[in-house]
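Inspection log for the structure reproduced underneath, given as structure tokens.
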Amino acid sequence: MAKKQNLTIEQGSTFEMDIVCKDVNGQIVSLTGYSAKAQVRAGYADFYADAVAVFTCTIFANTGIIRIELSDSQTQALDFNKGLWDLELTLPNNKVYRLLEGQVKISREVTRNT
């Protein structure tokens with residue numbers, strides 16, 4: 001079962017978050033051969049077919065870290081106040097698990113390019 005992790009994303013700013021994967025004993029999990037994907041949507045996929053933003057996911061296999069990122073131009077394009085996101089992890093045997101999920105709050109940008 002996915003853990004809940006709500007996000008606040010600042011519109012117009014780079015968003016970056018590291019997720020450390022540990023086993024039940026608190027030991028770092030090697031992510032060798034794993035892949036990850038994460039998306040933001042205004043609502044559930046059944047109603048919103050297209051992802052509003054697709055995170056860049058980088059896996060640091062030996063340290064058990066998954067870094068998710070959105071560029072400043074990606075966050076600038078987020079034009080809703082609240083949405084949803086999740087992170088799915090694909091194991092080397094092609095089994096897919098949802099690792100994290102939650103709500104996304106957009107902190108609206110005031111400063112604009114003139």
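For first residues located in segment 7-35 and in contact (Cβ under 8 Å) with a residue 12 or more places away in the chain and crowded, with 16+ Cβ neighbours inside 10 Å, partners that are small (G, A, S) and in a loop (DSSP other than H, G, I, E, B) and lie 6+ apart or on another chain with Cβ distances below 7 Å form the pairs C21/G64; L31/G64. For segment 104-114, the candidate set comprises residues that are part of a strand (DSSP E or B) and either aliphatic (A, V, I, L, M) or touching a Gly at 6+ places or on another chain (Cβ under 7 Å) (or both); within that set, the residue that is surrounded by the most Cβ atoms within 10 Å (Cβ to Cβ) is V104. Any residue that is assigned to a loop (DSSP other than H, G, I, E, B), under 20 Å from E109 (Cα atoms), free of Cβ contacts under 8 Å to residues at least 40 places away in the same chain and not small (G, A, S) - is there at least one of those in segment 40-52? Yes, because at least one residue in segment 40-52 is assigned to a loop (DSSP other than H, G, I, E, B), under 20 Å from E109 (Cα atoms), free of Cβ contacts under 8 Å to residues at least 40 places away in the same chain and not small (G, A, S).
Filtering segment 14-39 down to residues that are in contact with an Asp or Glu (Cβ under 6 Å, 6 or more places away or on another chain) and assigned to a loop (DSSP other than H, G, I, E, B), which residue is modelled with the lowest pLDDT? Here the answer is V29.
With respect to (1) among the β-branched types (V, I, T); (2) at pLDDT 95 or above; (3) crowded, with 19+ Cβ neighbours inside 10 Å, the lone exception for V52 is condition (2). Looking at L100, is it assigned to a strand (DSSP E or B), of a type outside the set (G, A, S), at pLDDT 95 or above and farther than 14 Å from L7 by Cα? No; evaluated as a whole, the condition is false for this residue.
Modelled with pLDDT under 95 and touching an Asp or Glu at 6+ places or on another chain (Cβ under 8 Å): does that describe L84? Yes.
Among the residues of this structure, T58 does not count as one that is exposed (fewer than 12 other Cβ atoms within 10 Å of the Cβ) and among the β-branched types (V, I, T). Going residue by residue through segment 58-79, is there one that turns out to be without any contact (Cβ under 8 Å) to a residue 12 or more places away in the chain, part of a strand (DSSP E or B), farther than 18 Å from S13 by Cβ and more than 14 Å from the chain's Cα centre (by Cα)? No, segment 58-79 has no match at all. Cβ-Cβ contacts under 7 Å between residues 6 or more apart (or on different chains), taken from a first residue in segment 82-96 that is more than 17 Å from I68 (Cα to Cα) and surrounded by fewer than 17 Cβ atoms within 10 Å (Cβ to Cβ) to a second residue that is modelled with pLDDT of 95 or more and of a type outside the set (D, E), are listed as K82/Q103; K82/V104; K82/K105; L91/Y34; P92/G33; P92/Y34; V96/T90. Within segment 97-114, the set of residues being among the polar types (S, T, N, Q) and in contact (Cβ under 8 Å) with a residue 24 or more places away in the chain comprises Q103, S107, T111.
The values are calculated or read from the model by the stated rules, or taken from the named source; none is laboratory data. The model shown is predicted, which means the values in this text are computed figures rather than measured ones. Methodologically, a virtual Cβ is constructed for each residue, glycine included, from the backbone with ideal geometry; neighbour enumeration extends over all protein chains shown.
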